[in-house]
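Chemist: The structure's right below; bear with me while I get my questions together.
The values are calculated or read from the model by the stated rules, or taken from the named source; none is laboratory data. Being a predicted model, the structure only gives us computed values, none of them experimental. Virtual Cβ from ideal backbone geometry, glycine too; neighbours counted across all protein chains shown.
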Amino acid sequence: MAAGIRRESGGVDAAIEVLDIVLKTDKRSAAAYFERGEAWLEKRDYQRAWIDFDDGIIWSEIHRSDPRFLQLYGVPKLLNGRGMASAGLRRNDIAIADFDEAIRLDPYLADAVRNRERLREGLR
């Protein structure tokens, strides 16, 4: 969603504006929280990213019977995003815990495995 919005609207800021509108009309849209969290990560606004991924995790429960949602925005991907935001905030223990839980829920989520290993290597 956000990648397409960025291409069509001209950037991350415009995508955030569109997602703000989406969330004003449907504050339970875990997908919009995921996409806006990704946009905040791109802007290196890790606190806002963390909040959006956390809200997405909370609201994802209402989408658990939708296989397309789960594939694109499921809890493991939201946890991975929140882990990235935590790492950006230098909350490394919390980041690793989120990556671990994402991997436990989806052992094939390569981004979470890669992000956890990169963070661990950086801590050595």
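Chemist: Just checking, does region 1-22 include any residue being buried (at least 18 other Cβ atoms within 10 Å of the Cβ), among the hydroxyl-bearing types (Ser, Thr, Tyr), over 10 Å from the mean Cα position of the chain (by Cα) and modelled with pLDDT under 95?
Modeler: No, that holds for no residue.
Chemist: Looking only at region 31-83, count every residue that is within 20 Å of ALA97 (Cβ to Cβ), part of a helix (DSSP H, G or I) and of a type in the set (Gly, Ala, Ser) and tell me the total.
Modeler: Residues that pass the stated criteria total 6.
Chemist: Of GLY11, GLY88, GLY56, GLY81, which residue is touching a Leu at 6+ places or on another chain (Cβ under 8 Å) and more than 30 Å from ARG124 (Cα to Cα)? Lay out the reasoning, then the answer.
Modeler: Numbers: GLY11 fails: touching a Leu at 6+ places or on another chain (Cβ under 8 Å); GLY88 fails: more than 30 Å from ARG124 (Cα to Cα); GLY81 fails: more than 30 Å from ARG124 (Cα to Cα).
Selected residue: GLY56, the only one of GLY11, GLY88, GLY56, GLY81 that is touching a Leu at 6+ places or on another chain (Cβ under 8 Å) and more than 30 Å from ARG124 (Cα to Cα).
Chemist: Same structure, new question: So, of the residues in region 84-96 that are in a helix (DSSP H, G or I), touching a residue at least 12 places away in the same chain (Cβ under 8 Å) and hydrophobic (A, V, I, L, M, F, W, C), which turns out to be surrounded by the most Cβ atoms within 10 Å (Cβ to Cβ)? Talk me through it step by step, then tell me what you get.
Modeler: Here is the first cut: in region 84-96, the ones in a helix (DSSP H, G or I) are 84-88, 92-96.
Those still in the list that are touching a residue at least 12 places away in the same chain (Cβ under 8 Å) too: 84-88, 92, 95-96.
Filter again for hydrophobic (A, V, I, L, M, F, W, C), leaving 84-85, 87, 95-96.
Details: MET84: 24, ALA85: 27, ALA87: 21, ALA95: 24, ILE96: 18.
Of everything passing the filter in region 84-96, ALA85 is surrounded by the most Cβ atoms within 10 Å (Cβ to Cβ).
Chemist: Now for a separate question. Considering only region 108-117, how many residues are surrounded by fewer than 13 Cβ atoms within 10 Å (Cβ to Cβ) and either among the hydrophobic types (A, V, I, L, M, F, W, C) or part of a helix (DSSP H, G or I) (or both)? Spell out the reasoning first.
Modeler: Just the residues of region 108-117 that are surrounded by fewer than 13 Cβ atoms within 10 Å (Cβ to Cβ), to begin with: 108, 110, 114, 117.
Keeping just the survivors that are either among the hydrophobic types (A, V, I, L, M, F, W, C) or part of a helix (DSSP H, G or I) (or both) gives 110, 114, 117.
So the count comes out to 3.
Chemist: So THR25 fits all but one of (1) over 12 Å from the mean Cα position of the chain (by Cα); (2) closer than 12 Å to GLY74 by Cα; what number is the exception?
Modeler: With respect to (1) over 12 Å from the mean Cα position of the chain (by Cα); (2) closer than 12 Å to GLY74 by Cα, THR25 is out only on (2).
Chemist: Something else: From the list ILE51, ILE57, ILE62, which one is more than 13 Å from the chain's Cα centre (by Cα) and either at pLDDT below 90 or buried (at least 16 other Cβ atoms within 10 Å of the Cβ) (or both)? Write out each step before concluding.
Modeler: Details: ILE51 fails: more than 13 Å from the chain's Cα centre (by Cα); ILE57 fails: more than 13 Å from the chain's Cα centre (by Cα).
Exactly one residue qualifies, and that residue is ILE62.
Chemist: Continuing with this model, one more query. Quick test of your reading of the structure: ILE103 fulfils all but one of (1) surrounded by 16 or more Cβ atoms within 10 Å (Cβ to Cβ); (2) under 18 Å from GLU35 (Cα atoms). Name the failing condition by number.
Modeler: In the conditions (1) surrounded by 16 or more Cβ atoms within 10 Å (Cβ to Cβ); (2) under 18 Å from GLU35 (Cα atoms), ILE103 misses (2) alone.
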